[in-house]
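Okay, structure first, notes after.
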């Protein structure tokens with residue numbers, strides 16, 4: 001009986017550790033894009049942005065995702081000075097939500113900014 005209890009305890013600890021590793025290796029991201037140089041002018045600035053998505057913490061995967069976002073932004077950029085292509089990575093969804101809300105706050109003036117949500121995963 002003790003052996004069975006010890007085995008179950010060991011399996012539970014191993015499973016819990018696996019979940020902790022997986023949690024640490026998963027982050028969250030959103031992407032956005034604004035005009036390349038933030039100069040004071042009267043032109044409308046176009047902002048592209050995405051939903052918040054989970055992403056593996058693999059550096060190569062993140063780099064590939066950022067590259068794909070950059071290619072998409074390059075094709076869809078409407079700003080005369082060009083566009084940035086920012087992939088924002090966070091360890092928790094709460095951090096991602098808070099920072100995306102800051103982006104929304106920064107670009108909330110509809111007379112200066114046109115925000116467009118992009119389906120990007």
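Protection proxy ranking for 98-111, 63-76, 44-57, using the average of other Cβ atoms within 10 Å per residue and placing the highest first: 44-57, 63-76, 98-111. Could you work out the relative contact order of region 26-117, using alpha carbon pairs under 8 angstrom and six or more residues apart, expressed as a whole percent? Value for region 26-117: 44 percent. Modelled label positions at residue 106 and residue 81, each set 7 Å beyond Cα in the direction of Cβ, lie 1.4 nm from each other. Can you work out the PRE-style zone for residue 58? Point 7 Å along Cα to Cβ, and I want the residues of region 83-117 with backbone N under 20 Å. So the set is 87-92.
At q = 0.11, 0.16 Å⁻¹, what base-10 log of I(q)/I(0) does the Debye formula yield for region 26-117 when every alpha carbon is treated as an equal point scatterer in vacuo? With one equal scatterer per Cα and no solvent, log10 I(q)/I(0) is -0.32, -0.65.
Bear in mind that the values in this text are calculations on the coordinates, not laboratory data. Keep in mind that what you see is a predicted model, and the values were worked out from it rather than measured. When we count neighbours, we look across all protein chains shown, and the Cβ atoms used for this are built from the backbone with ideal geometry, even at glycine.
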